[in-house]
Amino acid sequence: MITKQVRAYGTQNATAAVAPLDIARREPGPQDVEIEILYCGVCHSDLHQARNEWHNTIYPCVPGHEIVGRVIRTGASVSKFKPGDTAAVGCMVDSCGTCEHCRAGVEQFCLSFPTFTYNSPDKHLSGQTFGGYSSHIVVAEAFVLRVPPGMDLAATAPLLCAGITTYSPLRHWKVGPGQKVGIVGLGGLGHMGVKIARALGAHVVLFTTSPSKIADGLRLGAHEVVVSKDADAMKKHQSSFHFVLDAVSAQHDINMYLNLLKLDGTLTLLGAPEQPLPVAAFNLILPRRNFAGSAIGGIAETQEMLEFCAAHNLVSDIELIPIQKINEAYDRLLKQDVRYRFVIDMASLKS
Ligand code: NAP
Ligand code: ZN
């Protein structure tokens with residue numbers, strides 16, 4: 001297989017800083033699109049995996065799965081893209097395409113396991129896939145998304161993970177007008193959850209541990225903001241929610257949020273902290289509450305989400321950073337100091 005070396009940033013082990021390295025990208029095959037990466041969002045999953053918090057990282061690890069760029073080459077069979085087009089890539093770059101789940105458009109649950117954009121076995125080259133903290137990526141056309149015209153490209157990048165990961169469960173559990181919906185944690189996922197739940201017509205309540213984020217929560221679309229450390233305020237909302245989306249990256253007491261649900265209400269977990277979260281049985285038993293999970297979204301649904309965001313004028317609130325500031329950005333994520341997604345300006349990779 002012919003490859004070319006491209007510039008990237010990645011980690012060599014769980015305690016090393018993210019630093020420059022060169023990686024191989026395959027020459028585009030007939031169905032492939034080669035993309036010059038312009039922007040890449042920084043998801044908390046990048047940090048979890050760079051530091052092996054999910055205990056499955058293959059090193060070196062080049063994170064990044066919120067990718068927006070420009071098509072520079074296409075294979076002979078590619079019909080949806082041409083050089084010069086804007087294109088986007090999210091958390092997956094391939095799946096088996098034939099199993100029950102792939103055929104149903106939920107490739108993220110591929111029974112043979114999807115190929116994630118980074119830290120998955122690479123089907124074309126030996127070793128693992130490498131993500132968007134790099135100058136170029138080569139992806140099968142079927143996993144490349146179109147960016148609706150007129151969208152701010154840097155602020156669109158986070159939609160490829162934070163956007164779809166919140167859109168998919170809000171749609172699956174049919175959130176809409178007349179429903180009271182809680183979003184827990186105002187970070188990258190949480191702030192998109194607030195915006196999308198509001199656009200879907202729900203009554204949105206943000207739960208945050210950071211009093212400094214109250215004004216932003218309201219500005220981003222929440223009808224109410226509750227500081228979750230305030231026990232009285234939490235009690236007022238007890239057993240009143242149809243749906244709660246938990247987007248917290250660290251260990252926390254899930255029972256506090258299960259208690260918000262009314263009869264048959266659902267709490268969907270998106271956050272993936274390293275350790276298990278204990279659930280008190282009676283918080284589920286009474287009154288018949290559901291505790292669920294959700295992972296990103298399928299490719300067709302990701303395209304639908306991009307069109308939805310374009311139609312509702314939604315993008316992410318971002319802080320654009322040069323790649324050289326990536327380690328500082330990780331430190332700030334851990335301090336809950338993100339307003340509300342870091343996006344890497346990939347032009348900085350050349351400097
Ligand atoms: P993020 O930007 O770092 O935001 C996480 C937010 O969680 C923080 O801003 C903070 O909000 C809250 N938080 C952090 N530590 C907390 C603590 N100790 N107690 C209570 N709240 C705390 O992270 P993200 O990129 O949105 O990702 C969130 C989680 O979702 C990560 O675990 C990530 O791996 C996971 N994720 C899952 C999927 C999926 O498909 N299921 C996809 C992407 C990411 P406040 O300051 O408002 O409290
Ligand atoms: Zn992500």
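The values are calculated or read from the model by the stated rules, or taken from the named source; none is laboratory data. The shown structure was predicted, so the numbers you read here are calculated from the model rather than taken from an experiment. Every residue, glycine as well, gets a Cβ built from its backbone with ideal geometry; the counts of neighbours run over all protein chains shown. Remember, those area values only see protein heavy atoms, side chains included, never the ligands or the DNA or RNA. Shrake-Rupley method; radii C 1.70, N 1.55, O 1.52, S 1.80 Å.
Table for the structure above
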{"read-out": "P(r), alpha carbons of the chain - 10 Å bins starting at zero, rounded %", "value": "6, 26, 34, 23, 9, 2, 0"}
{"read-out": "Normalised alpha carbon radius of gyration of the stretch 230-351 [divisor 2.2 N^0.38 Å]", "value": "1.35"}
{"read-out": "Under 5 Å, built H, 5+ apart or other chain: amide partners of Leu186", "value": "Thr209"}
{"read-out": "Overall dimensions of the stretch 73-139 by Cα: Rg and Dmax, Å", "value": "13.1, 35"}
{"read-out": "FRET efficiency estimate (nearest 0.05) - Cβ-Cβ, Glu328 to His55, R0 22 angstrom", "value": "0.30"}
{"read-out": "Among beta bridges that DSSP assigns inside the chain, antiparallel share in %, nearest 5", "value": "55"}
{"read-out": "Cβ-Cβ FRET estimate between Asp230 and Lys4, R0 fixed at 45 Å, reported to 0.05", "value": "0.25"}
{"read-out": "Gly265 long-range amide H proximity, modeled H, under 5 Å", "value": "Asn290"}
{"read-out": "Taking only Cα atoms of the stretch 81-228, radius of gyration then Dmax in Å", "value": "17.8, 51"}
{"read-out": "Charge dipole of the stretch 199-334 about the Cα centre (unit charges at C-beta), most positive-ward option of Ala202, Ser239, Ile296", "value": "Ser239"}
{"read-out": "Accessible surface of the chain [probe 1.4 Å, protein heavy atoms]: carbon and sulfur percent", "value": "54"}
{"read-out": "Calculated P(r) of the stretch 224-276 - Cα pairs past 13 Å, %", "value": "60"}
{"read-out": "Subset of Lys195/Lys350; Lys235/Lys325; Lys213/Lys235; Lys82/Lys123 violating a 31 Å alpha-carbon distance limit", "value": "Lys195/Lys350; Lys235/Lys325"}
{"read-out": "Whole-Hz ³J(HN,Hα) from phi, Karplus 6.51 cos²θ - 1.76 cosθ + 1.60, for the stretch 250-264, glycine and proline x", "value": "10, 4, 7, 7, 5, 4, 4, 8, 4, 5, 6, 7, 8, 3, 6"}
{"read-out": "Distant-in-sequence amide H partners of Ser239 (H built 1.01 Å from N, under 5 Å)", "value": "Leu260, Leu261"}
{"read-out": "Accessible solvent surface per residue of the chain, calculated while the other protein chains remain in place, 1.4 angstrom probe, Å²", "value": "41"}
{"read-out": "Pairwise label distance in nanometres, Asp22 with Asp253, each label 7 Å out on the Cα-Cβ vector", "value": "5.4"}
